[in-house]
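Just below is one structure, and these are the notes that go with it.
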């Protein structure tokens, strides 16, 4: 479970924010506004993972914060505690139950995953093929197809409401779908820089690229 949580959180670490597009803006326009106008965000999320037959496999929730570029904090509260922190150069994944910390360099952890799409620069235009999928269920939908298939996700969809990003759907190479719904998101708050620093707890096993 820890690996699965970490993959999704790392992939989305640069993302979560509110855009404030016009009421008739397309999803591409809303995404452009989202990238250009949001530097920091904090809020809550609910995550569900379904198998290829849409059977619910896993449900979780937690809180998040990010500061572009490359800094984020993704904390799972339920059903068990796990913390993912991006400090701008490395990603730290701490599994509290296992007392284990996994460390990766930021560029290696992100690659052409959704975080590359949402990290706040124009890199997404090169590593993803973006298309407007129109309106459905009251949302404007954007689809992002990674040009590099090594990132772990086959397809990403983002649903924008009239004033914010509301839903993300990620389909991985195993046919599983991760659905994220965002709530109580605050756009461009002043955040404590300490949120994006991590020191392994005493006694925890540390695995990965620490140096």
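The values are calculated or read from the model by the stated rules, or taken from the named source; none is laboratory data. Remember, predicted model here, so these are calculated numbers, not experimental data. Virtual Cβ from ideal backbone geometry, glycine too; neighbours counted across all protein chains shown.
Would you mention how many residues in the stretch 49-67 are in a loop (DSSP other than H, G, I, E, B) and crowded, with 19+ Cβ neighbours inside 10 Å? Show your work before the answer.
So in the stretch 49-67, the residues in a loop (DSSP other than H, G, I, E, B) come out as 51-55.
From what is left, the residues that are crowded, with 19+ Cβ neighbours inside 10 Å are none.
So the count comes out to 0.
Which residue, of 109, 81, 115, is within 17 Å of residue 38 (Cβ to Cβ) and modelled with pLDDT under 90?
Numbers: 109 fails: within 17 Å of residue 38 (Cβ to Cβ); 81 fails: within 17 Å of residue 38 (Cβ to Cβ).
Being within 17 Å of residue 38 (Cβ to Cβ) and modelled with pLDDT under 90 holds for just one of 109, 81, 115, which is 115.
Taking only pairs six or more apart or across chains, which ones have beta-carbon atoms under 7 Å, a first residue in the stretch 86-101 that is free of Cβ contacts under 8 Å to residues at least 12 places away in the same chain, and a second residue that is outside any strand (DSSP E or B) and surrounded by 15 or more Cβ atoms within 10 Å (Cβ to Cβ)?
none
Of all residues in the stretch 165-197, which are farther than 20 Å from residue 43 by Cβ and part of a loop (DSSP other than H, G, I, E, B)?
If we filter the stretch 165-197 for residues that are farther than 20 Å from residue 43 by Cβ, which is where we start, we get 171-177, 197.
Result: 173, 174, 175, 176, 197.
Checking residue 30 against (1) part of a loop (DSSP other than H, G, I, E, B); (2) at pLDDT below 85: exactly one of these is not met. Which one?
(1)
Conditions first: (1) assigned to a strand (DSSP E or B); (2) closer than 21 Å to residue 37 by Cα; (3) modelled with pLDDT of 90 or more. Residue 133 passes all but one, so which condition is the exception?
It is condition (2) that residue 133 fails.
Which members of the stretch 177-211 meet the condition of being under 19 Å from residue 56 (Cα atoms) and in contact with a helix residue (DSSP H, G or I) (Cβ under 9 Å, 6 or more places away or on another chain)? Spell out the reasoning first.
So in the stretch 177-211, the residues under 19 Å from residue 56 (Cα atoms) come out as 177-182.
Matches in the stretch 177-211: 178, 180.
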